[in-house]
Structure formats: C-alpha cells, structure tokens
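Report on the structure given below.
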Amino acid sequence: METVEKVDLERFMGDWYVIANIPTFLEKGAHNAVETYALNDDGTIATTFVFRDGSFDGKEKRYNPKGFVRDDGSNALWGMRFIWPIKADYRIVYLDEDYQQTIIGRQKRDFVWIMSRTPTIDESDYERLVKFTGSIGYDVDKIQRVPQRW
C-alpha cells in the first residue's frame with residue numbers, strides 16, 4: 001500500500017477528529033473520537049486517542065500509544081506502539097495539501113481511519129474519501145461513521 005509522498009511532521013501534529021473508520025476492538029461504539037499528535041524531542045510521536053464509549057455521555061476512554069517514523073524519506077510510514085514491543089503498521093495514505101483531511105491505513109487493510117481537523121466534513125468530501133479508501137483495496141461496506149457532537 002503506497003503512502004503519500006511526503007509528510008511535514010510538524011504540520012501534521014495536532015488534533016484530528018475521526019470522521020469514519022473500520023474500528024479496532026478498542027474503539028467500537030466510539031463517539032467524539034479525537035487523535036492528537038505531538039512531536040517528541042527524540043523524533044517519536046506522542047499520541048493521545050480520546051473518545052466517549054458507546055454514546056456522547058459514555059465513559060471517556062483515553063489511550064496513549066507512541067508513534068515511530070519508519071520511513072524518514074516520506075515521514076508517512078509509522079509504527080504505532082500500544083503494547084511493548086509491538087509496533088502496529090500505520091500508513092498515511094491520503095493527506096490533502098492543506099493538512100485538513102487525512103486517511104490512515106494498514107497494509108492488511110483491516111482497519112482504516114478517515115480524519116479531519118474539524119469534527120464534521122461536507123458530504124461530498126466524505127464520499128470522495130470513502131471512494132479513495134475503496135480504490136486502495138478496502139471493503140467500504142465496513143466503514144462506519146464516528147458520531148461527532150461538540
């Protein structure tokens with residue numbers, strides 16, 4: 001699975017709202033899901049993934065995996081470690097030029113995340129991003145919208 005050509009890591013840092021995904025077992029039923037990245041001095045990426053479990057009033061869940069850039073040429077191929085020593089495959093496969101929308105995929109095409117800097121996006125943008133996801137081999141019928149209400 002190809003990644004984007006180049007990611008400016010500093011520009012990529014910050015909050016990303018999860019608009020839709022093929023969820024992992026941890027995030028099934030997530031509401032108001034937000035992934036936040038911060039570049040550490042050693043080049044790793046501090047990650048905070050926060051969401052409400054099952055409803056907008058559900059219990060807040062928080063995870064803090066660490067990201068590791070695996071391809072210094074593009075900065076688009078990462079390992080994401082939730083549990084030592086496993087670094088899960090994490091690929092930036094789409095990123096618009098304004099760094100407002102992104103898609104994170106995995107080589108296995110088992111999970112995917114469509115994310116935006118804003119909690120909602122235009123329906124036409126959503127459809128375009130889902131279509132792109134299908135074009136790289138994902139089963140788009142498995143993609144679920146993540147409820148966002150702020």
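The values are calculated or read from the model by the stated rules, or taken from the named source; none is laboratory data. The model shown is predicted, which means the values in this text are computed figures rather than measured ones. Positions of Cβ are backbone-derived with ideal geometry, glycine not excepted, and every protein chain shown enters the neighbour counts.
Within region 87-137, being closer than 21 Å to Asp71 by Cβ and aromatic (Phe, Trp, Tyr) holds for Tyr90, Tyr94, Tyr99, Phe111, Trp113, Phe132. Note on region 61-81: residues that are touching a Phe, Trp or Tyr at 6+ places or on another chain (Cβ under 7 Å), under 17 Å from Glu27 (Cβ atoms) and not in a strand (DSSP E or B) total 1.
Considering (1) closer than 19 Å to Phe12 by Cα; (2) over 14 Å from the mean Cα position of the chain (by Cα); (3) surrounded by 15 or more Cβ atoms within 10 Å (Cβ to Cβ); (4) touching a residue at least 40 places away in the same chain (Cβ under 8 Å), the lone condition that Arg70 does not fulfil carries the number (4). In region 125-150, the residues that are more than 21 Å from Phe49 (Cα to Cα) form Cβ pairs under 7 Å with partners that are among the basic types (Lys, Arg) and modelled with pLDDT of 95 or more, at six or more places apart or across chains, as follows: Gly137/Arg109; Tyr138/Arg109.
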